[in-house]
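The values are calculated or read from the model by the stated rules, or taken from the named source; none is laboratory data. All values reported here derive from a predicted model rather than from experimental measurement. In this analysis, Cβ positions are derived from the backbone assuming ideal geometry, glycine residues included, and neighbour counts consider all displayed protein chains. Side chains are part of the model used for accessible areas, which takes the heavy atoms of the whole protein and leaves out ligands, DNA and RNA. Shrake-Rupley method; radii C 1.70, N 1.55, O 1.52, S 1.80 Å.
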Amino acid sequence: MSVAGAVVTLLALLVAPYTPAAAQRERATLPFDRAWRFHLGDVPGAQEGTFDDSGWRTLNLPHDWSIEGEFSDTNPAGAGGGALPGGVGWYRKTFSVAERDAGRLVFVEFDGVYRNSEVWINGHYLGKRPYGYSSFSYELTPHLRYGRAGNVIAVRVDNSQQPNSRWYSGSGIYRHVRLVTTDPVHVDHWGSYVTTPEVTAASARVAIRTTVRNASQADQPITLRTVLYDAAGKEVAAASAEARVPRDSVTDIAQDLVIRSPALWSLERPYLYRAVSRVLCGGRTCDDYSTPFGVRTFAFDPDRGFILNGKQLKIRGVCLHHDLGALGAAVNTRALERQLQIMRDMGVNALRTSHNPPAPELLDLTDRMGFIVLDEAFDMWKKEKTKYDYHLDWDAWHVRDLSDMVQRDRNHPSVFIWSIGNEVMEQWTNDDTTAIPIARELAGIVRRLDPTRPITSANNNGSPANPMFHAGALDLLGHNYHHEAWPNLPAQFPGAKLIITEAMSALNSRGFYEQPSDSVASYETPYVKDHGPQPNKSYQLSSYDNRKAFWGSLHEESLRLFERYPFISGMFIWSGIDYLGEPTPYEWPARSSYFGVVDLAGFPKDPFYLYQSEWTDRPMLHVFPHWNWTAGDSIDVWAYTNGDEAELFLNGASLGVKRKPGDVSHLMWRVAYAPGTLRAVARKGRQMIATQEVKTAGAPARITLAPDRSALRADGSDLSFVTVSVLDRAGVPVPTADHLIRFRLAGDGAIAGVDNGDQVSHASFKADRVRLFNGKALVIVRAGEREGTATLTAEADGLAPAVVRIALGTRP
């Protein structure tokens with residue numbers, strides 16, 4: 001399409017929502033992700049409206065250019081940053097604004113740009129945001145052209161100074177962008193604040209503070225009418241307030257409403273209400289602003305832990321980084337939803353946004369799906385962890401960045417805790433003049449903006465001498481690791497409310513096993529990767545923070561202590577899912593973490609089933625390892641179950657019944673290998689609740705494809721995650737298969753990424769082929785925008801191919 005054609009098309013898109021005339025004064029929010037031009041590398045003059053970008057690549061946002069690069073130990077980010085390239089990139093977009101919108105205000109909103117973003121409109125500089133995780137907006141109005149005259153927005157992104165992160169950050173406009181048009185009198189950006197200070201079974205008082213901005217040059221009398229709707233869209237309360245907003249200023253308006261017999265937001269039933277704030281100017285509606293919220297009560301108690309809606313509840317959480325595996329840092333709602341679904345299946349009810357403000361879509365999902373969120377602001381303060389990290393921007397930006405995070409996220413009912421830092425280096429100072437003033441300043445910022453939630457910080461210095469613990473800034477004392485100290489925490493910190501903000505850091509690779517050398521061999525070992533590292537590959541210990549090698553624990557060990565003590569309100573496992581970068585304690589050729597309970601492709605590792613056995617009630621049984629060995633081998637066979645006992649059979653012969661011994665959460669049999677079938681039966685109260693078979697696989701024969709969804713929305717962004725494996729002639733999965741699988745996709749769709757969960761693979765995620773890792777791989781299919789069918793074909797040398805069809809329509 002020509003540039004002129006693109007302008008006309010976008011003009012039609014922008015004009016359509018503003019009719020009829022009566023609606024023209026109301027707020028309009030339009031996606032602004034489509035048809036950007038992108039160039040990797042710095043370009044002088046690219047901010048100018050007259051710059052010729054016709055030779056640049058056209059793409060849709062969100063976009064992460066680093067994930068498209070090649071893994072290399074020479075990339076400045078290093079293995080800690082994912083061994084992928086950074087650099088400088090430019091984005092430009094041409095758009096039009098209708099003549100009828102002259103006199104209205106136009107804003108562009110960015111959910112996140114990594115990092116050092118600078119923005120221009122028609123050559124006019126709007127500003128810079130260094131922190132790559134902050135959401136922000138700019139007003140475009142003073143510099144816009146109306147009608148068919150084009151406007152050009154240009155964004156320069158500078159991620160060239162590296163390392164600036166201890167994990168993979170991604171590069172570019174990696175979160176969504178919107179264009180927002182309002183009347184000069186409107187609810188300000190993040191301008192509503194909803195709390196529920198009084199809640200009983202009979203009623204809930206809803207306190208709403210709305211910030212109205214008058215950008216005109218005349219004082220404006222207004223009426224603010226706020227209506228509350230339940231989940232079915234029924235009006236349940238309303239209130240009106242009169243005010244006069246002075247010109248070029250903002251006014252806060254407080255309103256109290258009451259919901260009768262409120263439905264409470266809970267993990268089992270995450271019920272959402274909606275507050276709609278209508279600003280009336282002289283009888284007409286000049287703005288309409290919607291805020292989802294929930295009604296719930298909660299408290300943290302020094303003895304009982306966490307209490308939600310009057311009931312004691314353990315916060316069973318995981319830490320998650322922001323990348324989405326093969327998709328990199330580019331946000332995709334379905335990919336986030338899949339991660340949460342996998343965590344929910346494991347029994348997780350909480351997550352920590354390690355170690356930065358998350359994408360807004362993540363919190364929308366946790367609101368709707370029922371998760372507790374610890375919302376974290378920073379990984380460092382004034383003292384650096386890597387040479388070019390946020391400590392360089394701290395003095396100028398930390399107040400703004402923390403304020404923006406709290407204002408953006410404070411209406412989400414899933415957010416229960418604010419974290420002002422993670423393992424900050426200031427906690428190791430021996431005086432009170434460094435950490436304490438900063439902690440108090442940050443806590444003061446949060447409390448001024450939201451006094452309803454507790455504040456914590458994740459501390460790996462668990463000593464009572466840690467200045468963070470006596471700064472008076474923290475409502476919850478957050479401890480990382482040091483599980484051996486947990487039983488004594490109430491004595492060390494009398495009266496304190498306690499949470500384990502990070503634990504475990506045990507290392508695993510999915511599906512890799514070594515033959516045990518003795519009868520007590522373990523399948524999970526902290527800092528000595530459970531099932532590896534793989535033989536015949538060279539690894540080097542990371543030089544960063546080797547103290548961590550003394551902090552980690554076996555999953556079972558910390559889990560046992562956590563569940564034993566009610567005063568421990570919650571625990572966040574490091575980590576729920578593998579992430580790019582930080583392959584600690586290894587370095588190159590490793591380029592992603594080993595900490596996840598789930599691998600980078602989203603396939604569960606064996607400890608996943610340990611947590612499922614302890615944290616879920618649905619009958620389950622997981623037996624491992626695979627059953628392809630060599631005659632003469634003796635194998636430790638393990639089982640996780642939420643039954644009382646399990647019996648193991650080999651080729652029909654019983655190998656005995658095992659019951660969970662005391663605090664140990666696994667069952668184990670030492671078995672002399674013979675090919676055939678292992679069959680386990682789990683029982684509870686003498687009744688069978690689950691069975692599982694593990695069979696010896698024969699020679700690989702054919703490929704199989706298993707999509708997580710066989711119908712997608714034809715919206716250009718919906719995804720199907722397709723598991724690829726190889727079967728023998730009898731249909732048994734081959735656990736050692738490592739074939740190179742090639743893909744073809746017909747129809748309106750695209751291959752968005754491939755992965756196999758191997759932490760040392762240097763193959764591109766943006767390819768049409770992938771090598772199986774321990775019998776599995778993943779291919780991600782992205783829907784196009786036309787309805788129909790996308791047909792995925794998988795082929796490999798010596799194997800029968802596989803075909804799967806995915807329907808593309810108006811709904812999945």
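Among the residues of segment 328-360, count how many are within 23 Å of Pro707 (Cβ to Cβ), open to solvent by 10 Å² or more (accessible area, probe 1.4 Å) and touching a Gly at 6+ places or on another chain (Cβ under 9 Å).
Residues that pass the stated criteria total 6.
Assuming Val108 fulfils every condition listed in (1) assigned to a strand (DSSP E or B); (2) without any contact (Cβ under 8 Å) to a residue 40 or more places away in the chain; (3) surrounded by 20 or more Cβ atoms within 10 Å (Cβ to Cβ) apart from one, which condition is it?
Failing condition for Val108: (2).
Looking at Val637, Val664, can you tell me which residue is buried (at least 19 other Cβ atoms within 10 Å of the Cβ) and in contact (Cβ under 8 Å) with a residue 24 or more places away in the chain? Let's see the steps before the verdict.
Numbers: Val664 fails: buried (at least 19 other Cβ atoms within 10 Å of the Cβ).
Val637 is the lone residue from the list that is buried (at least 19 other Cβ atoms within 10 Å of the Cβ) and in contact (Cβ under 8 Å) with a residue 24 or more places away in the chain.
Look through Ala737, Ala750, Ala783, Ala767 and report the one residue that is within 19 Å of Arg334 (Cα to Cα) and without any contact (Cβ under 8 Å) to a residue 40 or more places away in the chain. Spell out the reasoning first.
On the way: Ala737 fails: within 19 Å of Arg334 (Cα to Cα); Ala783 fails: without any contact (Cβ under 8 Å) to a residue 40 or more places away in the chain; Ala767 fails: within 19 Å of Arg334 (Cα to Cα).
Unique residue meeting the criteria: Ala750.
Could you list, ordered by first residue, the pairs with Cβ atoms under 6 Å in which the first is in segment 369-395 and free of Cβ contacts under 8 Å to residues at least 12 places away in the same chain and the second is open to solvent by 10 Å² or more (accessible area, probe 1.4 Å), at least 6 apart or interchain?
His391/Met380; His391/Lys382; His391/Glu384
Which residues, taken from segment 433-444, are open to solvent by less than 80 Å² (accessible area, probe 1.4 Å) and either touching a His at 6+ places or on another chain (Cβ under 9 Å) or of a type in the set (S, T, N, Q) (or both)? Give the steps one after another, and end with the answer.
Of the residues in segment 433-444, the ones open to solvent by less than 80 Å² (accessible area, probe 1.4 Å) are 434-439, 441-444.
Residues satisfying the conditions are Thr434, Ile436, Ile438, Glu441, Leu442.
Does Asp748 count as of a type in the set (D, E, K, R), under 34 Å from the mean Cα position of the chain (by Cα) and open to solvent by 30 Å² or more (accessible area, probe 1.4 Å)?
Numbers: of a type in the set (D, E, K, R): yes; under 34 Å from the mean Cα position of the chain (by Cα): yes; open to solvent by 30 Å² or more (accessible area, probe 1.4 Å): yes.
In short, yes.
Could you give every pair whose Cβ atoms fall below 7 Å, whose first residue belongs to segment 209-223 and is farther than 27 Å from Leu257 by Cα, and whose second residue is surrounded by fewer than 16 Cβ atoms within 10 Å (Cβ to Cβ) and of a type outside the set (Ser, Thr, Tyr), counting only separations of at least 6 or pairs across chains?
Ala215/Asp248; Ser216/Arg247; Gln217/Arg247; Gln217/Asp248; Ala218/Arg247; Asp219/Arg244; Asp219/Pro246; Asp219/Arg247
Among the residues of segment 145-163, which ones are over 13 Å from Lys93 (Cβ atoms), crowded, with 18+ Cβ neighbours inside 10 Å and either among the hydrophobic types (A, V, I, L, M, F, W, C) or over 32 Å from the mean Cα position of the chain (by Cα) (or both)?
Hit for segment 145-163 is Val157, nothing else.
If you go through segment 58-102, how many residues are outside any helix (DSSP H, G or I), of a type outside the set (Lys, Arg) and within 25 Å of Gly123 (Cβ to Cβ)?
Here is the first cut: in segment 58-102, the ones outside any helix (DSSP H, G or I) are 58-65, 69-78, 82-98, 102.
If we keep only those that are of a type outside the set (Lys, Arg) as well, we get 58-65, 69-78, 82-91, 94-98, 102.
The next check asks that each one be within 25 Å of Gly123 (Cβ to Cβ); those that pass are 58-61, 63, 65, 87-91, 94-98, 102.
Here the count works out to 17.
Please find, within segment 34-49, the residue that is nearest to Arg92 (Cα to Cα) out of those that are surrounded by fewer than 17 Cβ atoms within 10 Å (Cβ to Cβ) and without any contact (Cβ under 8 Å) to a residue 40 or more places away in the chain.
Within segment 34-49, the match that is nearest to Arg92 (Cα to Cα) is Gly45.
Would you list the strands (runs of 3 or more DSSP E) that sit entirely within segment 129-200 and hold 1 or more residues that are at pLDDT 95 or above, more than 21 Å from Asp33 (Cβ to Cβ) and of a type in the set (Asp, Glu)?
On the way: elements: 136-139, 151-159, 177-182, 185-199.
Passing ranges, in order: 151-159, 185-199.
If I filter segment 606-634 down to residues being surrounded by fewer than 20 Cβ atoms within 10 Å (Cβ to Cβ) and not in a loop (DSSP other than H, G, I, E, B), which single residue comes out as modelled with the lowest pLDDT?
Here the residue is Ser634.
Yes/no per residue for (1) acidic (Asp, Glu); (2) surrounded by fewer than 23 Cβ atoms within 10 Å (Cβ to Cβ); (3) touching a residue at least 40 places away in the same chain (Cβ under 8 Å):
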site	(1), (2), (3)
Asp52	yes, yes, no
Arg57	no, yes, no
Asp64	yes, no, yes
Ile67	no, no, yes
Leu84	no, no, yes
Arg92	no, yes, yes
Tyr114	no, no, yes
Ser117	no, no, yes
Leu126	no, yes, no
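Looking at Ala800, Ala730, Ala796 in this structure, which one is open to solvent by 50 Å² or more (accessible area, probe 1.4 Å), over 26 Å from Glu337 (Cβ atoms) and of a type in the set (A, V, I, L, M, F, W, C)? Lay out the reasoning, then the answer.
Numbers: Ala800 fails: open to solvent by 50 Å² or more (accessible area, probe 1.4 Å); Ala796 fails: open to solvent by 50 Å² or more (accessible area, probe 1.4 Å).
Of the residues listed, the single one that is open to solvent by 50 Å² or more (accessible area, probe 1.4 Å), over 26 Å from Glu337 (Cβ atoms) and of a type in the set (A, V, I, L, M, F, W, C) is Ala730.
Which numbered condition trips up Ser72, out of (1) open to solvent by 20 Å² or more (accessible area, probe 1.4 Å); (2) farther than 13 Å from Pro589 by Cα; (3) of a type in the set (Ser, Thr, Tyr)?
Condition (2) is where Ser72 drops out.
Tell me the strands (runs of 3 or more DSSP E) entirely within segment 301-344 that contain at least 3 residues that are out of contact with any Ser or Thr (no Cβ under 7 Å at 6 or more places or on another chain) and more than 25 Å from Leu778 (Cβ to Cβ).
By residue number, 311-313.
Go over the candidates Asp248, Asp256 one by one and state the one that is farther than 21 Å from Thr291 by Cα, among the charged types (D, E, K, R), open to solvent by 40 Å² or more (accessible area, probe 1.4 Å) and in contact (Cβ under 8 Å) with a residue 24 or more places away in the chain. If you could, list the steps in order and put the result at the bottom.
Numbers: Asp256 fails: farther than 21 Å from Thr291 by Cα.
Within the list Asp248, Asp256, the selection yields Asp248.
Here are the criteria: (1) within 23 Å of the chain's Cα centre (by Cα); (2) farther than 22 Å from Gly132 by Cα; (3) assigned to a helix (DSSP H, G or I). Tell me which single one Arg447 does not satisfy.
Only one criterion in (1) within 23 Å of the chain's Cα centre (by Cα); (2) farther than 22 Å from Gly132 by Cα; (3) assigned to a helix (DSSP H, G or I) is unmet by Arg447, namely (1).
Out of all the residues in segment 278-300, which are open to solvent by 20 Å² or more (accessible area, probe 1.4 Å), closer than 27 Å to Ala28 by Cβ and assigned to a strand (DSSP E or B)?
Arg278, Leu280, Arg284, Thr285, Asp288, Tyr289, Ser290, Pro292, listed by residue number.
In segment 787-809, is there at least one residue being basic (Lys, Arg) and more than 18 Å from Arg702 (Cα to Cα)? Talk me through it step by step, then tell me what you get.
Looking only at segment 787-809, we keep the residues that are basic (Lys, Arg), and these are 805.
Applying the additional criterion that residues be more than 18 Å from Arg702 (Cα to Cα) yields none.
Checked segment 787-809: no residue is basic (Lys, Arg) and more than 18 Å from Arg702 (Cα to Cα).
Scan segment 361-380 and tell me whether some residue there is part of a loop (DSSP other than H, G, I, E, B) and open to solvent by 10 Å² or more (accessible area, probe 1.4 Å). Step through it out loud before you land on a result.
We begin by selecting, within segment 361-380, every residue part of a loop (DSSP other than H, G, I, E, B); these are 370-371, 377-380.
The next check asks that each one be open to solvent by 10 Å² or more (accessible area, probe 1.4 Å); those that pass are 380.
Yes, some residue in segment 361-380 is part of a loop (DSSP other than H, G, I, E, B) and open to solvent by 10 Å² or more (accessible area, probe 1.4 Å).
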